[in-house]
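Novice: Sharing a structure with you now.
The values are calculated or read from the model by the stated rules, or taken from the named source; none is laboratory data. All values reported here derive from a predicted model rather than from experimental measurement. Using ideal geometry, Cβ is built from the backbone for each residue, glycine included, and neighbour counts are taken over all protein chains shown. Note: accessible area is taken over every heavy atom of the protein model, side chains too, but ligands, DNA and RNA are not part of it. Shrake-Rupley method; radii C 1.70, N 1.55, O 1.52, S 1.80 Å.
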Amino acid sequence: MLAIIGGSGLTTLSNLQITSRKVVRTPYGEPSCPLTFGTIRGRPVVFLARHGYGHTIPPHAVNYRANLWALHSEKVQTVVSVASVGGIRRDLTPGMIAIPDQIIDYTYGRAFTFFDSDATPVTHIDFTHPYCERTRELCITAAQKAGEPVIVGGVYAATQGPRLETAAEINRLERDGADMVGMTGMPEAALARELGLSYAAIAVVANYAAGRAGSAAGIRMEDVAKVLKGAMARVRNILEHVVEA
Ligand code: HPA
């Protein structure tokens with residue numbers, strides 16, 4: 001079973017034929033919202049809105065453990081995460097879609113592991129390649145079939161938010177090797193790995209990262225919303241081909 005976690009700009013899936021909704025309780029509390037079960041082009045899919053259906057949960061307050069546990073408990077094996085990012089690398093301009101292959105984690109104070117109780121033996125997951133290569137390929141092939149250009153690869157920097165970064169922080173992230181910046185990629189990817197889920201992300205560039213727009217202007221949320229609206233239509237098109245694969 002495939003799950004799609006939708007982020008900013010993707011709180012619903014218009015191409016999803018909904019069959020049921022389910023409130024799932026987990027040992028880690030409640031997920032962001034009830035899980036939506038349905039089909040896309042006849043294939044079963046579970047959808048979860050990361051920030052809640054009303055987009056009310058900020059990135060640092062998302063219960064990532066409950067979200068992934070809930071999906072795992074519903075027999076999900078593959079998770080495609082959709083997340084908006086700021087573009088740091090030159091070619092990652094607003095509206096572009098990328099399938100990142102690496103992560104740098106700058107988040108803090110989040111519940112970031114399932115292995116933190118005395119009851120379980122200490123476990124160190126391998127995270128050399130943070131995304132599932134097979135699921136990345138699935139997304140890349142789907143994009144090709146959908147006729148939607150995507151940038152293959154890139155380093156995703158996960159920041160704490162909810163504020164956007166300073167221009168100096170973006171310069172530092174770039175020196176660190178980051179190509180794009182978002183607030184929700186971690187601990188989501190690591191928790192998925194801890195549960196043995198195959199996880200990959202579709203990153204949608206919503207804006208130039210702070211200081212990168214080539215003007216003194218800051219980042220305006222109205223502009224971000226406009227870009228996301230257009231880009232998410234293309235993401236839905238890609239997702240239709242992901243479920244068909
Ligand atoms: N920074 C961090 N997260 C983001 C951004 C950004 O510029 N745009 C969308 N998510």
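Novice: Counting pairs of alpha carbon atoms under 8 Å apart in space and at least six apart in sequence, what relative contact order in percent does the chain give?
Specialist: On the way: 532 pairs, mean separation 66.4, N = 245.
Once normalised by length, the contact order is 27 percent.
Novice: Long-range amide H contacts for residue 209: which residues qualify at under 5 Å (H placed 1.01 Å from N, peptide plane, sequence gap of 5 or more or a different chain)?
Specialist: 87, 88
Novice: Taking one equal scatterer on every alpha-carbon of the stretch 76-200, how large is log10 of I(q)/I(0) by Debye at q = 0.09, 0.17 1/Å?
Specialist: -0.27, -0.91
Novice: Amide H of residue 151: which non-local residues (sequence gap of 5 or more, or other chain) have their own amide H closer than 5 Å, using H built in the peptide plane?
Specialist: For residue 151, the qualifying residues are 97, 98, 99.
Novice: Stokes-Einstein D for the stretch 131-225 at 10 °C, 1.306 mPa s, Kirkwood Rh over Cα pairs, in µm²/s?
Specialist: This corresponds to a translational diffusion coefficient of 106 µm²/s.
Novice: Something else now. Give the residues of the stretch 185-206 whose amide nitrogen is closer than 20 Å to a point set 7 Å from the Cα of residue 125 in the direction of its Cβ.
Specialist: 185-203
Novice: Hey, what does the equivalent ellipsoid look like for the stretch 174-218, semi-axes from the Cα gyration tensor as sqrt of 5 times each eigenvalue, largest first, whole Å? It would help to have the intermediate numbers written out before the result.
Specialist: Working: eigenvalues 167, 23, 13 Å².
Gyration-tensor ellipsoid for the stretch 174-218: 29, 11, 8 Å.
Novice: Search the structure for amide H atoms under 5 Å from the amide H of residue 81, placed 1.01 Å from N in the peptide plane, and list their residues when 5 or more places away or on another chain.
Specialist: 5, 200, 201, 202
Novice: Let me ask another. Helix-only mean residue ellipticity at 222 nm, the chain, DSSP H runs n ≥ 4 weighted -39,500 (n - 2.57), per residue, nearest 500. What is it?
Specialist: Details: 5 runs with 68 residues, N = 245.
So the helix-based figure for the chain works out to -9000 deg cm²/dmol.
Novice: Next question, about the same structure. Report the per residue volume, in Å³, of the convex hull enclosing the C-alpha atoms of the stretch 144-193. The partial results should precede the final answer.
Specialist: Values: hull volume 6.1 nm³, N = 50.
Dividing the Cα hull volume of the stretch 144-193 by its residues yields 122 Å³.
Novice: Then there's this: Return one whole number: the accessible area per residue of the chain in Å², for a 1.4 Å probe. Display every interim value, and only then the final one.
Specialist: Working: 10990 Å² over 245 residues.
Per-residue value: 45 Å².
Novice: Starting from the exponent 0.38 and prefactor 2.2 Å, build the expected Rg for the stretch 1-130 from its residue count and divide its actual Cα Rg by it.
Specialist: Numbers: Rg = 15.9 Å, N = 130, 2.2 N^0.38 = 14.0 Å.
Cα-based Rg divided by the globular estimate yields 1.14.
Novice: Okay, moving on. To make sure I understand the rule: partners must be lysines, Cα under 21 Å from the Cα of residue 22, and not fewer than 8 residues away in the same chain. Which ones qualify?
Specialist: Answer for residue 22, where 21 Å is the Cα cut-off: 75, listed by chain and number.
Novice: What Kirkwood radius, in Å to one decimal, follows from the Cα pairs of the chain?
Specialist: Computed over Cα pairs of the chain, the Kirkwood hydrodynamic radius comes out at 18.0 Å.
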